1. Starting from 0.36 nm per residue, how many nanometres of slack lie between Tyr141 and Leu162 once their C-alpha separation is accounted for?
2. Could you order peptides 211-221, 227-237, 111-121 by the average number of other Cβ atoms within 10 Å of their residues, highest first?
3. Assuming 0.36 nm per residue, please report the length gained on full extension of the stretch Ile204 to Leu16 beyond their Cα-Cα distance.
4. Provide Val91, Val83, Val132 in ascending order of the number of other Cβ atoms located within 10 Å of each residue's Cβ, fewest first.
5. Along its three principal axes, how long is the stretch 193-244 when you only count alpha carbons? Whole Å, largest extent first please.
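Computed from the coordinates by the stated procedures, all read-outs in this text should not be read as laboratory data. The shown structure was predicted, so the numbers you read here are calculated from the model rather than taken from an experiment. No Cβ is skipped: glycine too gets one built from the backbone with ideal geometry, and neighbour counts run over all protein chains shown.
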Amino acid sequence: MSNSFLDNVYQGKNNLWRYVLTIILVIFFQFFFPQIFEIILDVIFILAFHVPKAMLANENSLFSQINLYLLSIPLLIILFVCVKYIHKRDVISVFNASKPLSNKSSILNWFKQFNWLNLLKGMGMFGSLFVVMNTILYLLYPNSFIIGIDLQTLCIYFIPLLILIFIQATSEEVLFRSYLSQGLSLKIKQPIIIILITSLIFGIGHSLNATGLIPVLVYIAMTFITGIILSVAMLVTEGIEFSIGIHLINNFLLSLIFTSGSPQGLIQNLNDGINVPLFNILILLIFAVIMFVWKKNEILKAIFLKKEESIN
């Protein structure tokens, strides 16, 4: 079996030094450059928008989350630059299996070839499940939620936050579900192995968001399961738009609607008697079952049949 999306890797140059250089640049822009960029953003927020320092320091505040999502912009840019100029590939090749519209890639061509329908499908399916499950949680633990709609905050930050989270979700999907998966497919012909490796890296990379052994392990488990779901979606749809949709709506709802201790949220989950990470894992597992029932044959073929060598 040959997956046309993974086979996009053969469109470009795949010398080892190209991957080493790209990974070094990604690590720099992910772990070192953000510290400099964050200082600049904090100064802009404080001086231009008069945001209190305490609010920026609060990890749960909406401003802090916006700041965090802004840090994804340099990462996405460097990924596009590396794909285009180091690997000599068209940028659309890390989004789906469609062929470039012309020899000269452009933002307009990318916009036309990006599968917006799959993006909306991912958002709609996972977003619906997320809201239903949290509604059930509210009915079971009504005292654990405070519903207080801040319409001013919603109107001001709805569109900017949606755009920023789209960029953040896209940067991570391009890195893990596209670049790494396609690169590994050069040597690993079993898709299930590629899924497990990239999902484990995805989980470990996100473990920095938690502190303490047990929370870290739970967080790794949650993001590992997320990575598996997103990777399977990538293989079945032969692109990352559906995965971006899932990633986008999950982060968006967590940031704007279901927040913890943030006065900017529409609904605050106070975590009273609720293990939120474990509850999120439950949502992910239910979604995995839904996906399996929906695309059983396609999923089994995509993850278990050996990937053939490309003739390109």
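1. Extending this stretch completely gives an extra 4.7 nm.
2. Top to bottom by mean Cβ count within 10 Å: 227-237, 111-121, 211-221.
3. In short, 65.3 nm is gained.
4. Neighbour counts put them in this order, fewest first: Val132, Val91, Val83.
5. 37, 21, 12
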